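Have a look at the structure below before the remarks.
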Amino acid sequence: MRIPLQNYHKTSHYHHRENSILHRLHIDMTLFFLLLVLSVIGLVILYSAGNEDMALIQRQGTRLAVAFFAMLVMAQVPPHILKMFAPWLFLGGILLLLSVLFFGDMGKGAQRWLNLGVFRFQPSELLKLATPMMIAWYLAERRLPVKFKYIFLASIFIAIPTVLIAKQPDLGTSILIASSGLAVLFLAGISWQLILYVGGAAAALAPALWHFMKEYQKQRVLTFLNPEDDPLGAGYHIIQSKIAIGSGGTYGKGWLHGSQARLDFLPESSTDFIFAVFAEEFGLIGCALLLLIYLLIFIRSIYIAVQAQDTFSRLLAGSLALTFFIYLFVNVGMVTGILPVVGVPLPLISYGGTSMVTLLIGFGILMSIQTHRKLLSS
Amino acid sequence: MKLHFDLKSDAQENRLFFSRSVTLIIFALVLFVTLIARLVFLQIQTHEKFSHLAQNNRVNLSAIAPVRGMIFDTQGQVLAENNPSYSLELIPEQIKDLDLTLTELSKILPISEKDITAFKKRKGSNKRFVSTPLRNRLSESEVAIFAANRHLFPGVDIQAHPLRHYPFADISAHLVGYVGAINDKELSQIDPVNYRGTRVIGKTGIEKTYEKTLHGSVGYQQTENTAQGRPIKVISHTAPISGESLTLNIDMRLQKTAYDALGDFNGSVVAIDTQTGAVRVLVSKPGFNTNLFARGIDQKSYTSLQTSSRRPLFNRALQGLYPPGSTLKPFFALAGLDYKATTRHQQVFCPGYYQLPNQKHKYRDWKKTGHGHVSLHEAIEQSCDVFFYALAHDLEINRMHHFLSKFGFGQKTGIDLMGEKSGLLPSKDWKKRARNQVWYPGETLIAGIGQGFNLTTPLQLAQATVLMANKGHAYKPTVVSHSGSQVSTASQWPAIQLGNPNDWDHIIKAMSSVVNGRRGTARKIAEGAPYKIAGKTGTAQVFGIKQDEEYDEETVLEHLKDHALFVAFAPIKKPQLAVAVIVENGSHGGSVAAPIARAVFDQYIQLTP
């Protein structure tokens with residue numbers, strides 16, 4: 001009983017200073033501030049990574065503005081409305097994914113885009129949000145901890161978009177979507193025993209998975225295991241990225257002075273590998289501070305999840321928080337050479353639009369959950 | 001809803017969720033510490049090593065571009081080669097005072113204002129730490145002068161690049177094509193690893209079609225460089241694999257003869273070995289200096305080439321679409337015999353015009369007074385239009401289309417060069433599909449003399465002539481004889497079978513009369529030839545003449561004069577070479593186009609033992 005009481009107490013306490021304009025606009029100031037700091041850091045480092053190209057900064061700034069706006073719009077939608085739409089969004093997303101498979105545009109050898117005439121749309125982005133929403137919706141009505149039957153069905157819901165997106169092929173997004181769904185399952189309280197069994201089975205099945213992987217995916221894993229094997233091809237990214245990061249040292253070479261990362265040698269220096277540019281110019285201290293901001297955003301999001309009043313909100317908030325952090329881990333892990341190269345951008349910093357909008361819409365949902373709480377005592 | 005929520009959200013659930021959230025935070029902290037530990041390893045523990053690599057003695061992994069394969073003609077004459085070219089290049093980020101350096105450089109080497117402006121422009125668009133050329137094509141002595149003073153100029157160096165050179169630039173312009181700097185579109189289509197270090201790519205002709213063969217595979221070397229970026233030691237080296245050289249079927253001696261024989265006219269000459277399908281001549285005139293493109297053409301020269309009324313950049317041999325005119329008559333005649341729409345002996349009276357039953361419109365013959373009574377043989381020899389109007393009327397357009405498409409009209413020949421046009425062989429279906437209009441009987445007549453909708457390329461005419469010479473058998477035309485040691489295999493053309501194979505001989509006899517007959521339209525070129533030529537002249541209207549108008553050669557503007565055509569093969573007994581000639585605004589097939597073919601045959605016979 002102690003924990004809920006504590007929660008109620010905090011909630012009501014929080015409510016006392018709630019009549020501010022910010023709260024009426026459904027903005028969570030802590031999150032907003034941290035996200036803004038991250039975006040500004042992103043623009044600063046992009047200026048260096050993009051060879052001081054102002055047009056690049058303008059484009060990215062515009063995208064950020066659009067994404068922040070989308071976040072604020074999303075924050076106005078109360079969680080119970082989201083819950084209502086969750087299964088339909090998921091169903092719609094799956095149908096769009098199927099249509100991509102059949103009618104999609106090919107871009108850089110992968111079929112991810114759906115051409116809607118006016119603009120091109122990546123249904124996998126929709127599913128980044130719709131999948132955890134669907135699982136949260138499905139489990140919110142069950143009694144927690146959840147029975148095995150429901151866990152099994154929820155796993156199938158997770159598997160459908162994961163497999164469809166892996167087929168596109170987009171391994172990075174597919175991993176993120178699977179982990180967002182699994183995070184909901186975990187928060188819903190699946191037993192540790194089950195987690196151990198499934199983990200063990202997955203380890204045993206890994207060699208079988210190898211057969212289903214595309215040639216380029218296999219190549220990436222092999223390259224990850226031994227980058228020196230292919231120094232001019234796939235291993236090139238990792239070697240150059242490590243040199244850039246390592247040469248940055250404790251304090252870094254200073255903004256705009258990272259010669260290594262800015263040489264022609266580091267490919268994708270303003271997109272997936274932008275962390276290497278940051279690490280070379282700002283060193284270990286800068287990296288630690290940057291990672292700390294990400295950690296703070298994560299902790300704030302988990303705090304929002306714990307504070308949330310209904311099961312749906314809570315599961316969804318927790319999942320969004322974890323996915324955000326996994327995003328970071330996969331990107332930095334890949335750039336520093338502890339994970340294979342799977343093509344995941346650094347959240348809010350890498351150059352590029354689609355995934356940034358999705359990410360901030362996710363934070364809009366978190367803000368909505370935080371600011372739409374009602375006093376239970378009232 | 002609220003009620004349900006309150007009932008379910010009990011203490012146990014809250015506790016479970018709280019503990020799971022704490023677990024997640026611990027999990028995230030573990031990941032956080034993992035990343036920090038990794039960064040500590042890279043940036044503190046192994047910092048020395050990476051710093052060493054990056055800064056003091058930077059290990060530079062550089063690609064070595066493969067040497068592009070050369071191109072030879074069938075006699076081993078060089079058509080494309082690589083000459084060394086030296087350029088003076090600067091890395092702006094490694095130069096303390098750029099303006100001072102530029103001034104000092106211009107004291108020892110001739111550097112113009114234009115060079116400096118171009119350099120600054122290039123520098124702006126380049127990435128940082130990229131070597132940017134200041135002057136290209138330095139002479140040997142200029143290279144020596146700079147080498148002696150090199151220590152005074154950190155960040156400045158001489159770079160050697162191979163420069164593509166075409167000894168027969170104009171004559172082989174469309175055939176060989178040229179290379180140029182890789183553009184964005186091409187960049188997205190090539191393997192970026194294999195082209196790392198390569199600066200140029202084939203843009204047209206053989207250079208483009210055989211890009212993959214000519215390019216080869218990239219090599220790379222790891223060098224230890226000084227802080228200025230100069231290599232001081234090679235750590236490892238993987239040699240590139242040079243592109244394969246190509247030997248063409250083209251004989252430059254024939255090619256040059258054909259090019260020169262065209263004189264000041266625009267036009268095209270294609271000659272194909274009837275036995276093998278080997279393309280011996282592929283001329284499009286005017287040519288242009290492909291070396292300008294290989295060096296990097298300036299805007300002014302490019303614009304003048306592009307806007308020239310003679311259209312030098314246009315590859316007439318493969319892409320020029322001309323009404324074939326009377327050169328189609330032998331093929332229609334063969335169709336007439338095969339479909340039994342006419343016979344060898346049937347006579348048609350030619351009063352100088354033809355009228356469809358119950359119609360007033362007069363379809364004229366080129367000879368106003370008419371040819372009188374003509375047989376099929378005479379109709380080909382004298383190129384009587386009225387005979388072929390009548391034949392076309394009996395044949396019908398769809399049968400004409402069906403028969404002539406066996407000769408490759410209206411389709412690509414499948415030559416091993418990119419950009420070939422398929423021409424147009426009209427039919428009722430085509431008109432319905434392309435224009436959504438019905439076919440008029442009058443259009444059949446016009447098609448019967450090779451005018452109207454008919455459009456052919458010089459290459460198609462040459463290939464059709466090969467099929468005529470070989471009585472229905474041929475190979476697809478091929479330009480490349482072998483690449484490296486690998487011989488290209490010629491693929492067979494689908495054989496044409498006639499109901500009565502003797503019909504071939506009848507038409508060939510008539511084509512022989514065109515050159516060797518008393519009243520043949522190309523009889524002039526028979527004079528003094530030690531071998532026998534069979535051919536057919538043609539004239540293609542550039543613009544339509546109205547019913548009551550006269551075409552007056554004297555007054556008509558040069559660019560509106562008729563195109564002159566001639567197709568031929570020789571020797572008749574054992575055919576070896578088929579030639580198609582198109583002379584734009586040449587007016588007369590017999591007197592202008594035919595002598596060009598004769599010149600090519602003469603030299604071919606002389607050169608062939």
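The values are calculated or read from the model by the stated rules, or taken from the named source; none is laboratory data. Remember, predicted model here, so these are calculated numbers, not experimental data. Because the Cβ atoms are built from the backbone with ideal geometry, glycine has one as well, and the counts that use them run over all protein chains shown. The accessibility values were calculated without ligands, DNA or RNA, using every heavy atom of the protein model including side chains. Shrake-Rupley method; radii C 1.70, N 1.55, O 1.52, S 1.80 Å.
Summary of values
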| read-out | value |
| --- | --- |
| Failed criterion for A:Ile45 (all others in (1) surrounded by 18 or more Cβ atoms within 10 Å (Cβ to Cβ); (2) away from chain B (no Cβ under 14 Å); (3) over 23 Å from the mean Cα position of the chain (by Cα) hold) | (3) |
| Matching residues, region B:381-405, being closer than 30 Å to B:Ala490 by Cβ and either among the acidic types (Asp, Glu) or crowded, with 18+ Cβ neighbours inside 10 Å (or both) | B:Met400, B:His401, B:Phe403, B:Leu404 |
| Tally of residues being polar (S, T, N, Q), assigned to a helix (DSSP H, G or I) and within 14 Å of another protein chain (Cβ to nearest Cβ) across region A:170-199 | 2 |
| Verdict on B:Leu61 being within 14 Å of chain A (Cβ to nearest Cβ), more than 24 Å from B:Ala147 (Cα to Cα) and assigned to a strand (DSSP E or B) | yes |
| So B:Phe119, is it open to solvent by less than 40 Å² (accessible area, probe 1.4 Å), closer than 20 Å to B:Arg295 by Cα and under 42 Å from the mean Cα position of the chain (by Cα) | yes |
| Top-ranked residue in region B:82-116 [being in contact with a strand residue (DSSP E or B) (Cβ under 9 Å, 6 or more places away or on another chain) and of a type in the set (Ser, Thr, Tyr); ranked as least open to solvent (accessible area, probe 1.4 Å)] | B:Ser87 |
| Yes/no for A:Leu320 being away from every other protein chain (no Cβ under 11 Å) and of a type in the set (A, V, I, L, M, F, W, C) | yes |
| Within region B:311-348, tally of residues that are β-branched (Val, Ile, Thr) and in contact (Cβ under 8 Å) with a residue 60 or more places away in the chain | 1 |
| Filtered residues of region A:295-317 (kept if within 9 Å of chain B (Cβ to nearest Cβ) and either more than 18 Å from A:Leu82 (Cβ to Cβ) or basic (Lys, Arg) (or both)) | A:Leu295, A:Phe298, A:Ile299, A:Ile302, A:Tyr303, A:Val306, A:Arg314 |
| Pairs where the first residue, in region A:189-209, is touching a residue at least 12 places away in the same chain (Cβ under 8 Å) and the second is open to solvent by less than 90 Å² (accessible area, probe 1.4 Å), C-beta under 6 Å, 6+ apart | A:Gly189/A:Leu144; A:Gly189/A:Pro145; A:Gly189/B:Leu16; A:Ile190/A:Ile151 |
| Residue within region B:189-201 that is open to solvent by less than 60 Å² (accessible area, probe 1.4 Å) and at pLDDT 90 or above present | yes |
| Number of the exception - B:Ser383 against (1) farther than 23 Å from B:Gly472 by Cβ; (2) polar (S, T, N, Q); (3) not in a loop (DSSP other than H, G, I, E, B) | (3) |
| Residues (more than 8 Å from chain B (Cβ to nearest Cβ) and touching a Ser or Thr at 6+ places or on another chain (Cβ under 7 Å)) located in region A:239-257 | A:Trp255, A:Leu256 |
| Residue within region B:594-606 that is at pLDDT below 90, hydroxyl-bearing (Ser, Thr, Tyr), part of a helix (DSSP H, G or I) and within 33 Å of the chain's Cα centre (by Cα) present | no |
| Hits in region A:164-182 (condition: farther than 10 Å from A:Leu127 by Cβ and at pLDDT 90 or above) | A:Ala178, A:Ser179, A:Leu182 |
